[in-house]
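The values are calculated or read from the model by the stated rules, or taken from the named source; none is laboratory data. Small disclaimer: the values here were computed from a predicted structure and weren't measured. In this analysis, Cβ positions are derived from the backbone assuming ideal geometry, glycine residues included, and neighbour counts consider all displayed protein chains. The protein model used for the area step is the full one, side chains on, heavy atoms only, and it has no ligands, DNA or RNA in it. Shrake-Rupley method; radii C 1.70, N 1.55, O 1.52, S 1.80 Å.
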Amino acid sequence: MNWLHHLIILPILLPIITAAALIPIDERNRTLKGVIAFASTVFVFIISILLMRMASSSGEGETGANVYLLGNWPAPFGIVLVLDRLSALMLVLTGLLAMATQVFSMAKWHRAGYHFHSLFQLMLAGLNGAFLTGDLFNLFVFFEMMLAASYGLLLHGSGLMRVKAGLHYIAVNLAASSLFLIGVSLIYGATGTLNMADLAMRITTIGPESRMLMEAGAALLGIAFLVKAGMWPLGFWLPATYSAATPPVAAIFAILTKVGVYILLRLSMLLFGADAGASLGFGQSVLLYGGLLTIGFGAIGVLASQAMGRLAGYCVLVSSGTLMAAIGLGNGAVIGGALFYLVSSTLTICAFFLLIELVERARDAGADVLAVTMEAYGDVDENEAEKEGGVAVPGTTAVLGLCFCACAILLSGLPPLSGFLAKFAMLHGLFNPSSFGGEAQVSGAEWAYTALLILSGLAAMIAMNRVGIRTFWTSIEGTIPRVFLIEIAPVLLLLTACVFLSFQAGPVMRYMDATAKSLGEPHNYIGRVMSAPRVGPAAGE
């Protein structure tokens, strides 16, 4: 067998080994621990790129799924890992975010508490496992691994607000995990399997009574992931939690909501897609209308936010709502653009969370209150403002301002960057679905989706302009923040990745469209998993 095939397990195995190896090292050697953890993350990122090339090696109309049988037991009896275009995309995205946030944390934040890098590696293993697993039970295992590590990371750095938000976050996610377990139990009781491919095969053959039980379990499972994805009103916890976390933790948390979106996309297309029989489209309307409400709620929150941390948290909700509504539309052409948007928005929000900490070093809370009061009552000396025109802008402030402008353009969806191209791709697929065999007629819900896409971008533009002017143009204290290269480099890396997506939009969209087509043909995924051969001596038993 090709040795590359065994790389599929490494994005899970390597972070776990690294996390265990880092624990005995004394906390006074945090720099050494950081270097080891970063080397592991870089290695995982390189492996993820190789896995993406492997998943893309087949034709555009095929799934390109590679199945790894742990323990050499055939599906559905053994544990399987499944690599396809979608899971490979999420692995690469996670690896890029992980590298950026780890480098940023090594400036100072990894010293704010114990075992930061071990917790980070365990969360990375849980994320990669959730993207690769082919059965619901191990999805729960990796999901809990990810959540357990995220609990520790959220509390990292202590402080009243972090502890309060952390306990709230833990309570909400424990409730969601309970629903997850109940849902999985109901599905197993109705179908007798938890392997996703085998489950997709059995859905078409189960009777009416078992179908009701299975759909009840799927609904509970869906609620658990909707909580994680932040659908309104289940995402009430998200803005306060993300704004309370330390900057590198909040930045990597940008991918956690996408785990919920990924699983919703995977299960809705695989279990309730074209071959689902009587369960065709189950839960699709909930995703559509819930996603639309989430976009509206997030846009209102963006406009109402005065603090940049909360603004970024509501941007996460807008991003999640956009993706959930796209899944609910059930249009393959829209899903291709939505995957582009997923990558672009996640990179941007991660960069924005890191940037906030750098920008706010030069701000004073009392000066902000005074600036807002002066703005509200028009108490500004115009002559004095004119005299200050032409004052040189320090280099650090200029770089931070340019990064802030890039984030504003990307979050608002303005041309020419990837935020605009992603929204344009979604709207193009909405009004021209013929390439995916869809109908040309546009429904009321699709018009609402179009309007909310535009209005949410307008809300982000207004909010970012307001915050940017208050921060960079009318700053009263005029303090120049001290920023290290190790802190600004990750922000520039993430924004450069968005620029790369803009210049390589053609090849990127071809990959996304091929991914959407493979998701719309679940029989290819099912066939690859169920026919995966055992290897070695066991194959001849």
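Solvent-accessible area of Thr133, all protein chains in place: 10 Å² (probe radius 1.4 Å, heavy atoms, ligands and nucleic acids excluded).
Can you give me the convex hull volume of the Cα atoms of the range 138-202, divided per residue and expressed in Å³?
Details: hull volume 4.2 nm³, N = 65.
Per-residue hull volume (Cα only) is 64 Å³.
From the alpha carbon centroid of the range 133-177 to that of the range 204-218 is 30 Å. Taking the inverse of the mean 1/r over every pair of distinct Cα atoms in the range 256-361 gives a Kirkwood hydrodynamic radius of 14.6 Å.
Where does the Debye-calculated log10 I(q)/I(0) of the range 203-307 sit at q = 0.22 Å⁻¹, using only Cα point scatterers of equal weight, no solvent? Log10 I(q)/I(0), no solvent term: -1.19. Each of Ala190, Met308, Ala125 was placed along the dipole of the chain (beta-carbon charges, centred on the mean Cα), and the one lying farthest toward the positive end is Ala125.
For the chain, the longest principal axis of the Cα atoms and the long axis of helix 505-519 meet at an angle of about 40 degrees.
Using a 10 Å cut-off on Cβ atoms, rank the peptides 216-228, 301-313 from the highest mean neighbour count down. List each step's numbers first, then the result.
Details: 216-228: 22.3, 301-313: 20.2.
In descending order of packing, they fall as 216-228, 301-313.
Given the whole protein assembly as supplied and a 1.4 Å probe, what does the accessible area of Tyr151 come to in Å², nearest 10? My reading of the accessible area for Tyr151 is about 30 Å².
Across every pair of non-identical alpha carbons in the range 95-188, the mean reciprocal distance, once inverted, gives a Kirkwood radius of 14.5 Å.
Largest first and in whole Å, give the semi-axes of the chain's equivalent ellipsoid, each being the square root of 5 times a Cα gyration tensor eigenvalue. Each step should come with its number before you reach the end.
On the way: eigenvalues 312, 147, 89 Å².
Listed largest to smallest, the semi-axes of the chain are 39, 27, 21 Å.
Taking one quarter of the surface of the C-alpha convex hull of the range 6-137 gives a mean projected area of 8.6 nm². Could you work out how far helix 332-359 tilts from the main Cα principal axis of the chain, as a 0 to 90 degree angle to the nearest 10? Helix 332-359 sits at roughly 40 degrees to that axis. For Trp109, the accessible area of its heavy atoms, probed at 1.4 Å with every protein chain present, is near 40 square angstrom. What the Cβ-Cβ distance of Ser57 and Val141 gives, at R0 = 25 Å and to the nearest 0.05, is a FRET efficiency of 0.30.
Please arrange Val80, Val508 by accessible surface area, largest first, computed with a 1.4 Å probe and ligands excluded. Walk me through the intermediate numbers first.
On the way: Val80 0, Val508 25 Å².
The residues order as Val508, Val80, largest area first.
Computed about the Cα centre, the dipole magnitude for the chain is approximately 880 debye when only Lys and Arg (+1) and Asp and Glu (-1) carry charge, each at its Cβ. Bridging of Lys423 to lysines at a Cα separation below 30 Å is possible for Lys228, Lys258, Lys517, once same-chain residues fewer than 8 apart are set aside. Given R₀ = 30 Å, FRET efficiency for Asp26-Arg361 by Cβ-Cβ distance, to 0.05? Calculated transfer efficiency: 0.50. The order of the peptides 70-79, 94-103, 281-290 by mean Cβ neighbours within 10 Å, most packed first, is 94-103, 281-290, 70-79.
Rolling a 1.4 angstrom probe over the protein heavy atoms with all chains in place gives the chain an accessible area of 40 Å² per residue. Helix 395-412 axis versus longest C-alpha principal axis of the chain: approximately 50°, rounded to the nearest ten. To put it simply, the accessible area of the range 193-246 at a 1.4 Å probe is 70 percent carbon and sulfur.
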